[in-house]
Structure formats: C-alpha cells, structure tokens
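Asks: Would you mind keeping the following structure in view while I ask a few things?
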Ligand code: GTR
C-alpha cells in the first residue's frame, strides 16, 4: 500500500477509497497562506456598507473571477433560444407528478445544439399558489439516468466513457436508465412540494478538450479562437444554466423566484459560478465541488490548480494556468466565489472520504465568505469550527460533511430540502 493511501485510510478511517498519489492530504503540510480580503476594495479601502459591496466590490470580484479563473462570455454570444414542448404527462412518478420535456433550441429551430430539459413537478392539485419552487442542475450522464420512465429518451450525443454507468465508445445506452436516481431524488422532491428540472451537461458543451469545435461553441465565431480571458467549459455550462433559467421564467408552473441551483463536483463548480454570474438563482448548492469550486486553492490540499488545469485544460480560461504552482499569486480565492452568492443562501456539502476535494477547504471558504453575509445583517456558517461528520450547520451559509465519498445522495438532499424550505419559508 502506498504511503499516501495509508495516510488517507488512517486519517479518514473510511475503507479503501484511495485518492490520487503525489498530492497533499496531510493537514500539517498545508502551507501558510494569506487570503485576499473579500471586503477590501482595489483602492485599499474597506467595504463598510451593502451599497459599497453591491456597487463596487462585488463587480470587482466578479471581474477578477472572469479574467483569471472561469473566463468571460465572449461579446458575440447571444442568449436567444426557442423552446419546444416535446412531451408531457400528468401521470408521472406513479401519478404524483407532471413530467414535462422541453427542448431549448439555442439558435435555429430544429437544429443542434439544443438543451433537453426534463422537468418533474408535483401534480397541479398539490400546488399551493399556482407555481412551485424547483431544484435545478446539470447531470453528467443524460436525463434518462435520472428516471426509470421510458418516455425519457436516451440521448445520442457524446458521452463520457464510464464503466460505473456502462457508457462506452462515447455513447449512452438504455442500460444506464435510472442509475442516477439516488443522486437526484425526484420522488423525494416531488413529495416535499418541489419540482426538479435537469439537463445533460453535454448538451451545452461536450466535456473534452477539442479546441471548441462542438456544443455551443459552434454557434459563436469568437468561440473558435478564444482569448485568454474568455470562457472555458465551466463558464459555458453556467451560461446554459442561465438559458434554463430564462425558460423557467416563461413556464407558469415554475416559481422562478424560488429556484435552487445545485451540482456535483465539476457541476458543483459550475453551479457556484452560474450563481455568481446570474443572481436570479435564489439558492446555490454545491456538492463536493473541490478545487475550482468551494475549496480554497491556497491550501494546496488534494487537487491543485496545476493538476486541474493539466487534467482538464478546457474547464477554465487560459489565464488560470498562470497560477499553476503559484496559488498565492491568485488575486482571488474561492471564499470570494462563495461571497458572490451573498445575500442569497448558499450551501456547501463535503464528504469525509472525498479528501481530493478538501472538505476542510470547502468549509473554510464558506466561513471566510460569511463577513459578506454579515454586512447584510445575516449569519453565514455561524461557527468557525469545521463540524463533525453528518452534522449540518449554518444559517445563510449551510455546510455539512457527510459520511461516505464523492457523490450526492439521500442525506445530502434531505439537508438541501430542509435548507430550501427554511429560506423559501415553506414550512
Ligand atoms: C475529478 C476532478 C475533480 C472533479 C471530478 C468530477 O477528476 O479532479 O475536480 O471535478 O473529477 O467532476 O467528477
């Protein structure tokens, strides 16, 4: 057994889930670091009021993330789309739900690229005031993996090869129907009065480094020759989420002011960035989002900036490469991303065995974002202590580290639903 694996197993006592070797998993080896001050303006002045945050500092921080981390949306991108209802049933999920499948053609009706939305809503007679709050987010493997209902087709687009899901030759198949129900919990959501709207992330940009020759990049000339500060895939996926939000605003069964955005891992990074860019998302939740998500880069714990830029050169803008092995030069750190969600509620979830994503670094981000919530008179994490396993904490910055490893499961969703009910005042 390699030393690093031994450390992981010993420290986290959690079976055989090994993390990549050659990275730091030892808290005592976290370098000393100083975080950029979230409430200090570029002029050096301290932000003292909500209006200074909203009008001066928030735009500064957003701009720093656009320029150095995720990349900005190129100037020739337009947000138009045409939505076409593909299928609907009011007898879904054993008669408890409405299922609606809507295709968002991103430019030309009848042509690729398009986003296929799968929507479940509690049955109309259950709706309180005509529309329902929803959870939304992108999925990794296709809408058919979120349901057993055969009316939801298997997509024919590029798919990640994933032996756990059974996708190979970069194609999805019928065998993976329903394999991600645990990760999305449509029945629990519907029974608790929430809808779910999800789409396959590959509809927006297939997740491989292809020089921007597919997905939405084919629509906009600038996307084929991106500048160093223009979007990578994470910002592209985030843009797709905003188009989904545009659609929610047109669907009268959806309460578009109560949309909770969520995502796992790279799609948790995406949820945070989408929530930063688009303030229409009322709650933002990231599950195990790790490096480039909720975890602080300066802790250099688990996955590093260099490693993520090397393994996934298409996720961030080119400028982010400047910070490989040089996290301390970043003009931001990820607590500032969390702060961009303020004053909207944000929830950060970690898993104890997912040391690659640095649970403690994810917590400290939420903690260090809390002063911005306090500026609004709200409590963030409410504690400076990283809580023990399976102990949810926090007011406007919710947090838990659950048992188990990298995924989203029933426990996570129970916390998200409780958090959303509290903040949407649904109890
Ligand atoms: C890993 C990557 C993580 C995380 C994860 C995922 O390989 O290192 O940052 O994004 O993939 O998205 O599943």
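Asks: Any idea what angle helix 410-423 forms with the longest principal axis of the chain, computed on alpha-carbon atoms, 0 to 90 degrees, nearest 10?
Replies: On a 0 to 90 degree scale, this one is about 90.
Asks: If you line up the long axis of helix 3-12 against the longest principal axis of the chain, both from Cα atoms, how many degrees apart are they, to the nearest 10?
Replies: The answer is roughly 70 degrees.
Asks: Once Rh is set to the Kirkwood radius over Cα pairs, what Stokes-Einstein translational diffusion coefficient, in µm²/s, holds for region 283-427 at a temperature of 37 °C and a viscosity of 0.692 mPa s? Don't skip to the end; give the middle numbers.
Replies: Numbers: Rh = 15.4 Å.
The diffusion coefficient I find is 214 µm²/s.
Asks: Round to the nearest 0.05 the FRET efficiency obtained for residue 422 and residue 90 when R0 = 30 Å and r is the Cβ-Cβ distance.
Replies: Numbers: r = 30 Å, r/R0 = 0.99.
Step by step, r from the Cβ atoms, then E = 0.50.
Asks: Let me ask you something else. Which residues does the label zone of residue 109 cover in region 67-81, counting backbone N under 19 Å from a point 7 Å along Cα→Cβ?
Replies: 79-81
Asks: Something else about it: Taking the Cα centre of each part, how many Å lie between region 349-396 and region 167-221?
Replies: If you average the Cα positions of each part, the centres end up 28 Å apart.
Asks: Also, I was wondering about something else. Relative to a virtual label point 7 Å from the Cα of residue 224 in the Cα→beta-carbon direction, which members of region 88-119 show backbone nitrogen distances below 16 Å?
Replies: Answer for this model: 113.
Asks: Would you mind checking the tilt of helix 359-375 against the longest principal axis of the Cα atoms of the chain, expressed as 0 to 90 degrees and rounded to 10?
Replies: Roughly 90 degrees, rounded to the nearest 10.
Asks: More than 26 Å apart: what percent of Cα pairs in the chain qualify?
Replies: 53
Asks: Then there is this: Fully extended, how many nm does the chain gain between residue 49 and residue 378 (0.36 nm per residue separation, minus their Cα-Cα distance)?
Replies: Result: 117.1 nm gained on full extension.
Asks: Continuing with this model, one more query. Restricting to the chain, compute how many DSSP beta bridges are antiparallel as a %, nearest 5. Numbers along the way, then the final one.
Replies: Details: 24 of 51 bridges.
Once the DSSP bridges in the chain are tallied, antiparallel ones form about 45 percent.
Asks: Based on C-alpha coordinates, I'd like the Rg and Dmax of region 259-322, in Å.
Replies: In order Rg, Dmax, the Cα atoms of region 259-322 give 12.2, 35 Å.
Asks: While we're on this one: Using 7 Å Cα-to-Cβ label points, what is the residue 78/residue 174 separation (nm, one decimal)?
Replies: 4.2
No lab work stands behind these numbers, since they all come straight from the coordinates. Being a predicted model, the structure only gives us computed values, none of them experimental. Here the Cβ is made from the backbone with ideal geometry for all residues, glycine too, and neighbour counts use every protein chain on show.
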